[in-house]
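Below you'll find the structure, written out as structure tokens, and then a few comments.
The values are calculated or read from the model by the stated rules, or taken from the named source; none is laboratory data. Just so we're clear, the structure is a prediction, and the values are computed from it rather than from any experiment. Backbone-built Cβ (ideal geometry, glycine too); neighbour counts: all protein chains shown. In case anyone asks, the SASA skips ligands and DNA or RNA and just uses the protein heavy atoms, side chains included. Shrake-Rupley method; radii C 1.70, N 1.55, O 1.52, S 1.80 Å.
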Amino acid sequence: MIHVTDHAFVRFLERSGALDVEQLRGLIANSLERGRKMAERTGSANFVIVVDGLRYVIEGGNLVTVIADDRDRRKRRR
């Protein structure tokens with residue numbers, strides 16, 4: 001079976017018209033703006049925003065990864 005890389009998957013979504021990647025990118029950036037402003041006030045360029053069970057890792061003003069917040073999962077199981 002052929003492995004589809006993340007890069008190829010995103011390019012497929014973008015170029016096939018299945019998803020407007022730039023619009024989605026803007027939605028993500030806008031949803032994190034409040035957290036960015038709060039971090040900016042403290043002088044932090046590297047920080048994490050936790051929302052709805054996801055951890056958004058920002059380094060130097062760039063969202064570099066999104067990972068599941070295991071702490072949130074543990075709370076929901078209780």
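Kindly evaluate Asp69 against the criterion of being without any contact (Cβ under 8 Å) to a residue 40 or more places away in the chain, open to solvent by 60 Å² or more (accessible area, probe 1.4 Å) and within 18 Å of the chain's Cα centre (by Cα). No; evaluated as a whole, the condition is false for this residue. Meeting the requirement of 1 or more residues that are modelled with pLDDT of 90 or more, the helices (runs of 4 or more DSSP H) wholly within the chain are 6-16, 21-31, 33-41. Scanning the range 1-55 for residues that are of a type in the set (Phe, Trp, Tyr) and within 26 Å of Asp70 (Cβ to Cβ) turns up Phe9, Phe47. Beta carbons closer than 9 Å, at least 6 apart along the sequence or on distinct chains, pair a first residue in the range 27-42 that is in contact (Cβ under 8 Å) with a residue 12 or more places away in the chain with a second that is among the charged types (D, E, K, R) and in a helix (DSSP H, G or I) for Ala29/Arg36.
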